[in-house]
Amino acid sequence: MKLKKIKLLLTLAGLMLVATACGEVVDEESITAVGSSAMQPLVEAAGEQYSAENLGKFINVQGGGSGTGLSQIDAGAVDIGNSDIFAEESGGIDADKLVDHRIAVVGITPIVTPGTGVTDVTLEELRDIFTGKITNWAELGGKDLPITVLNRASGSGTRATFEQWVLGDEKSIVSQEQESSGTVRQIVANTPGTISYVAFSYVTDEVEALSINVVEPTNENVQNNDWIIWSYEHMYTNGEPEGLTKDFLDYMLSEDVQQTLIQALDYIPISNMKIERDVEGNTTPVQ
Amino acid sequence: MKEIHGDFSKKSKKRKLESFGRTISFVCIALIVLVVLSILYFVISKGVSTFFVDHVSLKDFLFGTLWRPGEVGEDGNPLVGALPMIVGSFGVTIFSAIFATPFAIAAAIYMVEISPKTGKKILQPVVELLVGIPSVVYGFIGLMVVVPTIRSIFGGTGFGILSATLVLFVMILPTVTSMAVDALQAVPRHYREASLAMGATRWQTIYKVVLRAATPGLLTAVVFGMARAFGEALAVQMVIGNAAMMPTSLITPASTLTSILTMSMGNTVMGTLENNVLWSLATILLIMALLFNILTRWIGKKGAMNK
């Protein structure tokens, strides 16, 4: 009885040895990309697709926020740092040694609870709402309903972009804050008179997207910069990328990913952009 | 005789087993102590860097009312006043304890004194089930049910200390109840018998003898509930509104230490002031947890001396 058991164990161990030996024939390699939770679904999907096409190459994708992504890549702890904002805009980061790879564009739109009676605002009116100068929808020709401002958490990439293009140098009033775009949409949908902002992909029938100066929040308007509230999705590397990292970044920028995956996930392909914008907001046409 | 002599000169099998077991338990305890100490060291060393590296004064941090990390005020000091969050945290903790205590003690009296059978069969499993519900579920119910209800009754947005209090009330109720049950059960049977023998009614016995004798245990139960309420993050974050301003009423959006922590941690860069102040908030939470712990021990000691 005992002998049989030992024999069985030995056979099993032998099988395992063979199995691991087989696994090592393919050269396994992996890199880690950390950061922006807004970019996580995109990078994850692209990573899976990449692994399926390139056996033995793995892309580990983690969230944690743009701040985490930038500080981890700054410290050299990961291979790629995902961020919604320019590294230069974030304090405590040595942006000079980081290399920026812009892989997509995301448009951001103000959203309100349906039934405010307001569908179009000017940029100035939007600024006045978020700085607390306009506090009732009636002031904008809507219903007599107090305006509730809802912000994303300070430091969120979406908020940083929105404040840069709408508020400029002015500061938002202290308001309610939520951590994720999903919760923001949920609350805006259910709380009468609420205004907030989300990426285009989060807009559903439950909420109403406002147009600004009669420009509709659409991908086409972002591509020619008629709609100015948008940001790049950055993948930062510490120094010039090499090996698998470079290969994966090239893959992200390939027509295949740009025209299928990125559009399927409601981002705007970088190759569709008709203009280019630097960290100060200066635009130049793409030739 | 020789065999017996041989046995005593060596450790017996059982002695060996015993010392082996003792070593294992010692290693486990040492590991736990090490983990606790390193967490304490890590959080506090990060937390104090707000004051020593970024030179924020402790007074500005604890009593300032403007929370805008990353911005500086007119006097050039960073705007990192944590008072709104401290007030919010204590507010929801105290209110939820006030709400929960009568319910918990009433339930405990029912389960121990009035109807132990129904108590064991029905109430106990219900209370245990409440403990097992994850906090995100409480938060979700709070967001979808409590917040709209508060909004339709009191107006405003519905987010605020009142909604958070109601959610926390349900969350700490099972903790307080089950600990109150233990406290009541610990009252010796002869107390009740003596009271009844002297002609006291059941209510008089419960009110004047059992509850009095169990007071330290009941207080410990409430403090434990408060500790849980103070540390709860997710459910509170979903219903309190997370506005870092001084709460002016129970139905205006407010924030707690935990809600600001969970919201901001992914968005700050390690080593910056924005990150360090979050560690300072964590340090406050840690110190409060320690205080709650000391308080329960102190109550326990006081109670023991009175007996």
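The values are calculated or read from the model by the stated rules, or taken from the named source; none is laboratory data. Here the structure is a predicted model, which is why all the values come from computation and not from measurement. Cβ atoms come from the backbone with ideal geometry, glycine included; neighbour counts cover every protein chain shown.
For region A:157-183, give me each residue that is surrounded by 18 or more Cβ atoms within 10 Å (Cβ to Cβ), within 11 Å of chain B (Cβ to nearest Cβ) and of a type in the set (A, V, I, L, M). Residues satisfying the conditions are A:ALA160, A:VAL174.
All conditions in (1) at pLDDT below 90; (2) out of contact with any Phe, Trp or Tyr (no Cβ under 6 Å at 6 or more places or on another chain) hold for A:SER181, with the sole exception of (2).
Among the residues making up region B:143-162, those that are assigned to a loop (DSSP other than H, G, I, E, B), out of contact with any Lys or Arg (no Cβ under 7 Å at 6 or more places or on another chain) and either of a type in the set (S, T, N, Q) or facing chain A (nearest Cβ under 9 Å) (or both) are B:GLY156, B:PHE159.
Within the set B:SER259, B:SER264, the sole residue that is at the interface with chain A (Cβ under 7 Å from one of its Cβ atoms) and part of a helix (DSSP H, G or I) turns out to be B:SER264.
Every residue in region A:120-136 that is closer than 11 Å to A:ILE212 by Cβ and not in a strand (DSSP E or B), please.
A:THR122, A:LEU123, A:GLU124, A:GLU125, A:LEU126, A:ARG127
Give region B:26-77 a look and list any residue that's of a type in the set (Val, Ile, Thr), out of contact with any strand residue (DSSP E or B) (no Cβ under 9 Å at 6 or more places or on another chain) and loosely packed, with under 15 Cβ neighbours inside 10 Å, or say none. Outline the logic, then answer.
Taking region B:26-77 as the starting set, the residues that turn out to be of a type in the set (Val, Ile, Thr) are B:27, B:29, B:32-33, B:35-36, B:39, B:43-44, B:48, B:50, B:53, B:56, B:65, B:72.
When the remaining residues are screened for being out of contact with any strand residue (DSSP E or B) (no Cβ under 9 Å at 6 or more places or on another chain), the result is B:27, B:29, B:32-33, B:35-36, B:39, B:43-44, B:48, B:53, B:65.
Correct list: B:VAL27, B:ILE29, B:ILE32, B:VAL33, B:VAL35, B:VAL36, B:ILE39, B:VAL53, B:THR65.
Out of curiosity, is B:VAL146 touching a strand residue (DSSP E or B) at 6+ places or on another chain (Cβ under 6 Å) and not polar (S, T, N, Q)? Don't jump to the end; show me each part of the working.
Values: touching a strand residue (DSSP E or B) at 6+ places or on another chain (Cβ under 6 Å): no; not polar (S, T, N, Q): yes.
Considered against the rule, which asks whether it is touching a strand residue (DSSP E or B) at 6+ places or on another chain (Cβ under 6 Å) and not polar (S, T, N, Q), B:VAL146 comes out as no.
Residues in region A:85-113 that are acidic (Asp, Glu), under 20 Å from A:PRO241 (Cβ atoms) and in contact (Cβ under 8 Å) with a residue 12 or more places away in the chain were compared, and the one that is farthest from the other protein chains (Cβ to nearest Cβ) is A:ASP100.
Just checking: which of the strands (runs of 3 or more DSSP E) contained wholly in region A:154-252 hold 1 or more residues that are in contact with a Cys (Cβ under 8 Å, 6 or more places away or on another chain)? Quick ask: steps written out before the conclusion?
Numbers: elements: A:176-178, A:194-199, A:230-238.
Filter on region A:154-252 gives an empty set.
Considering region B:220-256, and only residues there that are in a helix (DSSP H, G or I) and more than 15 Å from the chain's Cα centre (by Cα), the residue that is surrounded by the fewest Cβ atoms within 10 Å (Cβ to Cβ) turns out to be B:GLN237.
Residue-wise test of (1) assigned by TED's automatic domain parsing to the domain that holds B:ALA289; (2) crowded, with 22+ Cβ neighbours inside 10 Å; (3) closer than 17 Å to B:ILE114 by Cα; (4) of a type in the set (Ser, Thr, Tyr).
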| residue | (1), (2), (3), (4) |
| --- | --- |
| B:SER152 | yes, no, no, yes |
| B:GLY160 | yes, yes, no, no |
| B:LEU168 | yes, yes, no, no |
| B:VAL187 | yes, no, yes, no |
| B:ARG192 | yes, no, yes, no |
| B:ILE206 | yes, no, yes, no |
| B:LEU211 | yes, no, yes, no |
| B:PRO216 | yes, no, no, no |
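Scan region B:259-273 residue by residue and report those that are of a type outside the set (A, V, I, L, M) and buried (at least 24 other Cβ atoms within 10 Å of the Cβ). Passing the criteria: B:SER259, B:SER264, B:ASN267, B:THR268. Taking region A:247-287 as the range and being surrounded by 15 or more Cβ atoms within 10 Å (Cβ to Cβ), charged (D, E, K, R) and either under 17 Å from A:GLU48 (Cβ atoms) or out of contact with any strand residue (DSSP E or B) (no Cβ under 7 Å at 6 or more places or on another chain) (or both) as the test, the residues that pass are A:ASP247, A:ASP266.
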